[in-house]
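Report on the structure given below.
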Amino acid sequence: MYAVIQLDSENHRLRPKRVKMEFVCKYCNRTFNKHYSLLIHERNHLPTVNYRCEMCYKSFKRQDSLQQHRSTHSPNYRAGYALQL
Amino acid sequence: MEEQENMNKTLPLTKKQKINDSEFRLVDLNVDTISLNLTKHCLCQLPETCMLKEVFRVSNVSSWSRERLLNFLSFARLTCDIALKQQSEGTICTSVERLSNYLISNKTSVVNEIVSLLIRTDPYISFAASNALADIFLCSQNKLDNKWVEELTDLFLRRSPETLCPVIAVFKRVLCWRDAQMIDSEKNIKMPENCVSRKLIFEDEEIEMDDEFGISLVKTKVIEVLQTQWQMIVMKFVRYMSSFDHCTETTNEQFNHKMGNLAIIEFIKLWTSMVSIKTNLNVMNIKYFYADLGQMLILLRRPKVQSVIWKNIVNLFNESLCYTTTLAVQGTMQEEPCMLARELVKVVKTKNMLNNMPFRKGPGDFGGGEEDDGDKKLLQDTVLLILKALAIIIKETKNDSSSSDSSCDESEDSEEIDAEMAIIESSVNEVLKKLDSCVKKCMSYLPETQIAQWVVQLFSDRNDVLIESLICTIDISLVLCYRRNSLPMLRHVLNPTASFVEFLQTLSYNNDVNELILDLLLGSDTSFLLYIMRILKFICNRWSEFSLCCETKLQSTMTTLKSLQTSLDQLIKNDLTPYNLNPVLRLLVKCNGLYTGIDVRAI
């Protein structure tokens, strides 16, 4: 992701202008006016992320679900080495 | 290891000499040994007798026996496949690299021969050639010869559609490579310790996987060659499809008919992949492929379209009208999808496109009577397409009228824009009436069920399209229904509150709603983030209307939102969210503040 700042070349000296930002998608070069709009768009380019248990290879959509699942293997199981795929 | 050495010892030396038929077997044994070592990801331990340089220095492969040819094609594919996998891991065995380079150098024009094998009538050979060629293209990267692509495109244009499935498959595999690569990357490669390998150094670590290995270069080259002929290819297929409907499977050309049907479907699927956001192609590269989409629309206006063709064309349009992924959040929309959306709305409104929809297998509107349940997926995709088209033309008009961004809040439109919106509103109203009537004829919904409700019921078995249709409905509603002089009926029909309540109700039937919402929000398989932003903004801006419409469901709805707020708060605090969810949390806090009567600004 990167932003391109567009300035009003004729009038920017005369009065303060709101800087118009353009956020460009790094995957397809489509442009957006808001950073969050770009975030919404770029998530569609990403592959589905799964979090997999390193003990039984069961995969979860969420990290917190994986953390919860880990406790089922052993009460003393050390949290913190999530294998992100 | 010992076993492998023994096997290697048994191979005779095949020095550079004139190879005759009796010696083919010995050469093939070399190929077999190299293949075996390739699967172990290293060729360093091969004896000198296996002359890597020679195995791809073959010519006139077209005259080879079937078995030998298949073996050779599989070997070529395996070589490129292993080289690609090792490249994606960042370390490549130098011998594997050398072997793949011998193939790509194409000293004896073997790649050109593989291109010509694509149209062989033997399906095994054409299939193997197709896979091998795609991997050769991908592996060749900056050494890809444009002539290979031109030859391939020439086949696409000149050969009869019945023979084109393998050709289309090459384009599809090359252009959609990223997805296949992601699946393969799950398998970690273990190279032997004594392998002489080379680490690949990348200047920019943040650069995409495709770019790292020049695969995007291959894709761009393929696209550039293909786009010059695309219009002609489309015209060829449209003509073929028009004549195809008259054929029946009872004719003596049953095989051709089947292959032709397959080629049509594969052609539409290739087109769909090219315009799809998920394929990650540069928008400027694919711009040209939007131009002829209108040609496919003509086919939907014809009666008795095969349901599989209808479904694939509708999928193509759905991918082209990338509303929830892109257009809904863009300040300036591309012209091409807007044009397609306008055409679509026109065809539904004036040409009764929906009546041609082959929902059931029979004569008459939507495929006739009620003998069977009908094809629900076909109906879902068609309904989604129309909702998307409506949302796009409305957003396009709104964008033209205002230099502001894409937020769909109420704005003060000028009289001129108001008049334009009134015309669009009337069109939208007409199209929605047709859509409502069509859905109610196909599905057994009660006559009083409003669009806002049946949208959830119709799509409840497919999360991704359900969310897409909800976004389209809320966007249509927010622009049209909350302006001056809007039709009161539309506000009732498209009520976003009714949809949201129905959605939560559907989620709550069997499961924990909060867990399901979190799955939707954190996963990237739906556009739920956009929907929740839209609906929460709507609730905040129109709290009194929302609370009135919810009636008895207000308490359960707000309990769900409160519970979501608590979960999100915890996840954000523990840094367990894959992206920034603070904007959603802020809106949830505001909504819950409105419910409890606490002004969050005061906190």
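The values are calculated or read from the model by the stated rules, or taken from the named source; none is laboratory data. Owing to the predicted nature of the structure, the values given are computational and were not obtained by experimental measurement. Every residue, glycine among them, receives a Cβ derived from its backbone with ideal geometry; neighbour counts consider all protein chains shown.
Observations, loosely collected:
- Among the candidates B:575, B:569, residue that is surrounded by fewer than 21 Cβ atoms within 10 Å (Cβ to Cβ), within 12 Å of another protein chain (Cβ to nearest Cβ) and of a type in the set (D, E, K, R): B:575
- Residues being in a helix (DSSP H, G or I) and of a type in the set (D, E, K, R) - total across segment B:100-138: 2
- Some residue of segment A:59-66 being out of contact with any helix residue (DSSP H, G or I) (no Cβ under 7 Å at 6 or more places or on another chain), under 30 Å from residue B:465 (Cα atoms) and at the interface with chain B (Cβ under 7 Å from one of its Cβ atoms): yes
- Of the residues B:88, B:62, the single one that is under 37 Å from the mean Cα position of the chain (by Cα), in a helix (DSSP H, G or I), exposed (fewer than 15 other Cβ atoms within 10 Å of the Cβ) and touching a residue at least 12 places away in the same chain (Cβ under 8 Å) is B:62.
- Failed item, numbered, when residue B:523 is tested on (1) within 14 Å of chain A (Cβ to nearest Cβ); (2) modelled with pLDDT of 90 or more: (2)
- Test for residue B:518: is it outside any loop (DSSP other than H, G, I, E, B) and more than 27 Å from residue B:430 (Cβ to Cβ): yes
- When B:515, B:545 are checked against the criterion of being of a type in the set (D, E, K, R), more than 25 Å from residue B:393 (Cα to Cα) and away from chain A (no Cβ under 14 Å), a single residue qualifies: B:545.
- Output for segment A:19-30, where each listed residue is in contact with a Phe, Trp or Tyr (Cβ under 9 Å, 6 or more places away or on another chain), without any contact (Cβ under 8 Å) to a residue 24 or more places away in the chain and either of a type in the set (Phe, Trp, Tyr) or at the interface with chain B (Cβ under 9 Å from one of its Cβ atoms) (or both): A:22, A:23
- The helices (runs of 4 or more DSSP H) located wholly in segment B:162-276 that include 1 or more residues which are within 21 Å of the chain's Cα centre (by Cα), modelled with pLDDT of 90 or more and of a type in the set (Phe, Trp, Tyr) occupy B:165-175, B:215-244, B:254-275.
- Residues that are in a helix (DSSP H, G or I) and either modelled with pLDDT under 75 or not assigned by the TED database to the domain that holds residue B:303 (or both), drawn from segment B:342-375: B:365, B:366, B:367
- Of all residues making up segment B:320-334, the number that are more than 7 Å from chain A (Cβ to nearest Cβ) and either of a type in the set (S, T, N, Q) or more than 14 Å from the chain's Cα centre (by Cα) (or both): 7
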